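Note sheet for the following structure.
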Amino acid sequence: MSSSPLHYPTTDPPQSDLLAPPSSRRLPRTPPGSNGPLFIPSSTPRTQRRHDIHSSNVMTSPTAVSARRTAPLPRTPTADADDAPQSSLPAAQPEPATFNAIWGTNVSIVETASIFGDFLRNFKPKWRAQYDDANDIPRTNFTSADPNVPSYPDDLRKMRLTGETGLNLDVVNLLSYPPAEKLWWQLQKYPQEVIPAMDQALKDVMITLAEDDNERPEIIEEVERAVYKIRPMGFPAGNMRDLNPSNTDHLITIKGLVIRATPIIPDMTQAFFKCLKCSHTHRAEIDRGRIAEPPACTRDRCAEPGGMVLIHNRSAFANRQVVRLQETPDVVPDGQTPHTVSLCVYDELVDIVKPGDRITATGIFRALPVRVNPRQRTIKSLFRTFVDVLHIQRGDGNRLGVDPSTRQPGERMPGVGGTAMDVDDEDDFPILEDEEAGTSRKADLERRLKDLSRRPDIYEYLAKSLAPGIWGLDDVKKGILLQLFGGTNKSISRGGGGGGPRYRGDINVLLVGDPGTSKSQILQYVHKIAPRGVYTSGKGSSAVGLTAYVTRDPDSKQLVLESGALVLSDGGVCCIDEFDKMSDATRSVLHEVMEQQTVSIAKAGIITTLNARTSILAAANPIGSKYLPNLSIAQNIDLPPTLISRFDLLYLVVDQIDETADRRLARHLVGLYLEDTPANAGQEVLDMETLAAYITYARSHLHPAITEEASNELVSAYVALRKVGEEPGSSERRITATTRQLESMIRLSEAHARMRFSELVELSDVQEATRLMREAIRTSATDPTTGRIDLDIVNVGAGAQQRRMRSDLKRELLNLLGANGAGGVRWAEVLKSLNTQSTLPVDASEFSEVVKSLEAEGLIKTVGDHQRRVIRLVPGAQ
Amino acid sequence: MVSAALSDALTDPTHLLQQLYVNWKQSSAPDRPPFPDLVARHFAGIFQTPETLSQIPALNVKQPLERHAPRSLVAFDAMVQDTSYSPEVYLSEIREQSGGWGLAESNEDALPPDELANYDNLDERTVLWAVSIPGESDWVQHPDQSVNRTDAIQHPSLLSKRYQHKFPLPDTPHVGAKVKIYTDLSDQPFSPTDLVTFVGFLTNEMYDLTDEPIADGALCPTLHVVFWKKYSPHYLISQPPLSDPAASVEELIQWVADAALGGDKDAAEWVLLICISPLISRDLPIILPSLSLTGFPASPDRLHDPPSLGAVLAALFPICSSLPLSLELLNERSFCPESKNEDLHSGALQLPHDNILVVSELTIQEGTLREKGLRNIESLQTVLQTQTLNYIFPFSAYPFPTRLRVIVLTESKRTAIVKCNIVLPLRPINPQKLYLSSELILPDAAILQPFRQLLIREQSTGANFLSEAMSQHVENDFVRDRQAGIKVSQDDLALRITIARYAEFAMGRSQVNVEIWERTKALDQRRQARLIDGK
């Protein structure tokens, strides 16, 4: 904060040169956040300093101007560009070692500064590339295209142009530049001393560079006045749990989640005192968090004791903010609660992080004694610890990092630097505990997963590892496995509207079957490993609703819970048990979720549509609690066909009594309990964590595209599936496949390719997808009366056979009524006479369906109720 | 010698500590242990036996902070509630004396001016919040006293009220304290809900020491730990082994049935089986123990009389708590622990492992369940299904493993709100005794003791509880039943094996035999018959 315009004449001789001309003090204030003259009062030549370093020995020498004129540093000639970098330090560097060594060490400040100056001038990206290759890490991108051209001068020019004062320094560059290597550990051990030296070196280079570029004098002057700051970054991030007193005053890097940030705190950096008697003024700098108030007037002639008062609005303040950083879930050890540390951020870094951001912060770890009383010198035996932050890197926006939409477009990270990335692209691995070894462990895991993916039996292996405790159900497991991998989401760029339609990649699976067949357990298992899974029971509580009611059931007079709307997690798997018992309201939400992948919420007059890209794994019980094989699936479960048809795969899990199967099942279960571990005899399975990691990796890294060959196969498989419905010698067609099935096949093929870690969907993928589809259709869409596959059973709830029967029934009914004239016929009588005509008995419910539909067509009407119902033809309708 | 050391440690532990420090400073052996380790070893040595340990005054509801002299040595049987505090950095030496264990905080003269602060002497201590064990039965806390609940409630500690949000059970008096541990815990950190006996100096300090002193003084009991050990209830000590476990089991079932379940012996057996269920790995498709007693007749005086089951189980098991659900409780209180302003508030489900939780739906009435209530029901459901409880921190939730044995009482014929894995319709013969209208008359402690002992034996890890022959038997049995057209599904079989395992445990056998298997099967068949009956 700059001084207020209130005028207090300064009479303090040593600093009288700091008095700003009145005109400058009336400059309009620039809003905070911009790098305007609020921080760099361009015409106020007050000694600026950075507030994150409370160094005891501020560098005063070497003045760049004199050094520059006497001994210009030689530049590395372009001729040796292919050689290893040589130290181009001038031999004639004057080094008064007694003055500048860090106390207790042999680290010379001057030497450090000159090494760093050399680094800034001569570091070339190619050395970093060599270093990256040697250490087997991906190459770092630099802004400058030519790896043989020193990269920093460009950055420095950019700083000069933009007025930016911070230089992000990737410390790995120090490591890859042999002459500067030792700065790497000096910086970590003595940041307090080394950073001011580096700042000074940076300023010197800035000035030289500006002069070499023949800048206008006022620009050079501005450069000379500015405070340049090194913002180091790129040290391996440690765990905040490992911070301990031995780290005090060292440079550390930690990762975490911002949970709280205080408002900006004005931190006094320079106090302005005025004598009440003689109006003499005095300035006092802050020293290790304290300001020495002069006991008496500093003017010898006055020396009035206790007469100095603090003038607040002439004192200088810095922006400070305290941020609470919490460990991210991936580094918290199992069974532990996350730790938090305080970060102090200063100046430009204030307000660039918001609660919820994942950041990597580099700073100096400090421990300050806690005072018993602010007015006393006695301290508690306790120390307060915090980190004075020098550099902040914000995390990836894909997960709990920054939501870019919450930021102003102009708001960006301060500082200039070739390798400084705003976003650190890190993979979201579920098992990553130790960040110290993070990179290597991540690579290790990646390698392991890739090895796994090369197994020829990977498909079988993974399917077996899914819910190993549940015996059998191989195809069901395979289907669910593919669901977990999922297809790719596609949006067609051509077409009308906003960029054409979007096609979902999520695969929905429905399990229907007898109670006690472990459906719920499969669901629970999937819930455990699926990313962002939700487990809910259709009947009981919903996942997270808005409200629900506890009411008395009107029939049973018992308390029931009526759940509210279902809120699904975007990008996860939603497991719904007792799908058939779900309330209509929830079900209607699912219609939208399963096809449009959105949820619409109406509240307080506002309708919002939220993304709900979730795949659904549901389990439903048959109506009569036992699946009746001689009825079709639509008759067996109490679900609207429109909803059933939205499932890509529908499996019947029927509890069949079969001695060998039963025996194997019993043995499997007993064996399981014998061991108390899921290691079944002779069956090796993948543990849950690795399986989850495998799926997560595939989902985030692979987006397979369909090859020519595969697309041909898809077409022919679809045609073949449709052909099943054609019957030779019959004009009637059963529907065996619709475009929905084709889309499902595409999704399944993609998921299968993903499972193989392949970027291409190949023939084998399509073949397996087709097989799975056919299996699922065979079990679910077989007409129980004809034994043929008829997808309309699933799609509209009645198969071709049934439809034909209905139309026969309709015709006969109309005939019957027509024969009886206008008087109408009693319900029971119609049924009876129809039964006498037909070879098959006419089902009563089927009959009422027919009557209802004829009524709807306006051909007949019924009068009376119950026993006395009479059916009449509507006169003139035909 | 030992007794002298013991009385020294009890009368003037501070002096002993300083003496230890002087001795430690003088010994310049290169392999001398860190001072906190030495302290822990020394004090643990003095209080090695349970008898000596019991001589340390206890910190509990009956003897809260106010009843102890400042800096006296106390023992605190506690549940770790909150481990999310940052470690504190303190000066380990001040003027040649130890600066830890609250020595400097309590003695104004010992405080150093800031120039004396030597950064080399900085050390770190772990800070956590511990509360008295929620749901700990009275007979465990006061083995030699007759049960007298009212006494404790008459003296609610003021301090405990201020920190009531750190205790899972609402409206229950408790003691909470900040615990500071000086030994290095990085190898074996405490987790929330760990049960630990902390021994240390009891002081009354500022809640947040880094704050400046405030007039109203947010003081809290603080325990500077000299040593700690895993909590083990003392009542198990020196009891003769039971002569005939099987007979005692029969007796026990009958007693529970009569005292709490209206004479329904099957229900009593199921309840006990759930209560003793041994730990089973979470990955298996095993029915985790949770039992719903449906058709529980409503109390004539619905809201005031608690079901007697809670009291009966509390008389038998060391840790047992009740959760009477009501719309108010569900909508107002959080079941999951939740960190608010960096203070981890406890949730009703933050309970120690092996806790028996009697959830009662009987107290619930018609009304609206708000979002919080729904979340609470969901958390309870998750605990039943996966035995994990989420701890809510800003921007993230952390699942913690838990091990609660849940029994739900509901009036409905089917499970209404909380879904359990095992459903049993209650068939009381004598419904009057289901509720605790007056004080529960407990049999003599001498009669209860064998029961307690029977129920809390060392838990076997339980490998090989089925012999080869027995597994063959189970297998054949299953196939035979299915062929005979008896309805047994895969889930039924899994449940029966699990229950057989509990039963084997209850009988004190190491392996399931045919008799136990048949008994379990019959028990489960009777349960299924009741279910069909109920429809």
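The values are calculated or read from the model by the stated rules, or taken from the named source; none is laboratory data. Because the structure is a prediction, the values reported are computed rather than measured. Positions of Cβ are backbone-derived with ideal geometry, glycine not excepted, and every protein chain shown enters the neighbour counts.
The combined condition, being more than 7 Å from every other protein chain (Cβ to nearest Cβ) and at pLDDT below 80, is not fulfilled by B:Arg405. Looking at B:Phe395, is it under 30 Å from A:Glu327 (Cα atoms) and more than 18 Å from the chain's Cα centre (by Cα)? Spelling it out, B:Phe395 is indeed under 30 Å from A:Glu327 (Cα atoms) and more than 18 Å from the chain's Cα centre (by Cα).
Among the criteria (1) at pLDDT 80 or above; (2) farther than 18 Å from B:Ser277 by Cβ, the one B:Gln490 does not fulfil is (1). Tallying residues that are closer than 27 Å to A:Gly516 by Cα and at pLDDT below 70 within segment A:598-616 yields 0.
For segment B:378-387, the count of residues that are away from every other protein chain (no Cβ under 14 Å) and either at negative phi or surrounded by 23 or more Cβ atoms within 10 Å (Cβ to Cβ) (or both) is zero.
Collect the residues in segment B:189-220 that are out of contact with any Gly (no Cβ under 8 Å at 6 or more places or on another chain), more than 11 Å from chain A (Cβ to nearest Cβ) and modelled with pLDDT of 80 or more, keeping them in residue-number order. Within segment B:189-220, B:Leu195, B:Val196, B:Thr197, B:Phe198, B:Val199, B:Gly200, B:Leu202, B:Asn204 meet the criteria.
If you check B:Glu88, B:Glu96 for being at pLDDT below 80, out of contact with any Gly (no Cβ under 6 Å at 6 or more places or on another chain) and assigned by TED's automatic domain parsing to the domain that holds B:Thr197, only one passes: B:Glu96. Residues of segment A:712-723 include none that is in contact with a Phe, Trp or Tyr (Cβ under 7 Å, 6 or more places away or on another chain) and at pLDDT below 85.
So for segment A:450-468 (the condition being modelled with pLDDT under 60 and farther than 21 Å from A:Pro704 by Cβ), does at least one residue qualify? Among the residues of segment A:450-468, not one is modelled with pLDDT under 60 and farther than 21 Å from A:Pro704 by Cβ, which makes the answer no. Taking the numbered list (1) at pLDDT below 85; (2) more than 22 Å from A:Ala226 (Cβ to Cβ) in turn, A:Leu174 passes all entries but (1). Scanning segment B:456-486 for residues that are at pLDDT below 70 and more than 7 Å from chain A (Cβ to nearest Cβ) returns B:Ile456, B:Arg457, B:Glu458, B:Gln459, B:Ser460, B:Thr461, B:Phe465. Quick one: would you say A:Arg394 is modelled with pLDDT of 75 or more, over 30 Å from B:Trp101 (Cβ atoms) and among the basic types (Lys, Arg)? Answer is yes for this residue. Quick check on this structure: which one of A:Ala585, A:Ala619, A:Ala634 is at pLDDT below 75 and under 31 Å from the mean Cα position of the chain (by Cα)? Exactly one residue qualifies, and that residue is A:Ala585. In the set (1) farther than 30 Å from B:Asp258 by Cβ; (2) out of contact with any strand residue (DSSP E or B) (no Cβ under 7 Å at 6 or more places or on another chain); (3) away from every other protein chain (no Cβ under 14 Å), B:Leu349 fails one condition alone, (2).
Where helices (runs of 4 or more DSSP H) sit wholly within segment B:1-79, those with at least 1 residues that are within 20 Å of B:Tyr231 (Cβ to Cβ) occupy B:35-46, B:50-53.
Cβ separations smaller than 6 Å between residues 6+ apart or across chains give the following pairs from segment A:311-335 residues that are within 16 Å of B:Phe400 (Cβ to Cβ) to residues that are at pLDDT 85 or above: A:Glu327/A:Gly256; A:Glu327/A:Pro338; A:Glu327/A:His339; A:Val332/A:Pro338; A:Gly335/B:Ser191. Of everything in segment A:185-212, what is free of Cβ contacts under 8 Å to residues at least 60 places away in the same chain and within 40 Å of the chain's Cα centre (by Cα)? Give them in sequence order. Correct list: A:Trp185, A:Met206.
Could you please let me know if A:Pro329 is within 30 Å of B:Asn341 (Cβ to Cβ), within 14 Å of chain B (Cβ to nearest Cβ) and either among the polar types (S, T, N, Q) or under 44 Å from the mean Cα position of the chain (by Cα) (or both)? Answer is yes for this residue. Restricting the first member to segment B:39-54 and to residues that are under 16 Å from B:Ala4 (Cα atoms), and the second to residues that are of a type in the set (Val, Ile, Thr), the beta-carbon pairs closer than 6 Å and six or more apart or on different chains are B:Phe43/B:Val226.
Pairs are defined by a Cβ separation below 8 Å, a sequence spacing of at least 6 or placement on different chains, a first member in segment B:132-149 that is closer than 13 Å to B:Ala315 by Cα, and a second member that is of a type in the set (A, V, I, L, M, F, W, C) and modelled with pLDDT under 50; the pairs so defined are B:Asp138/B:Val147; B:Trp139/B:Val147. If only residues of segment A:464-478 that are more than 16 Å from A:Ser749 (Cα to Cα) and more than 14 Å from every other protein chain (Cβ to nearest Cβ) are counted, the one that is surrounded by the fewest Cβ atoms within 10 Å (Cβ to Cβ) is A:Asp474.
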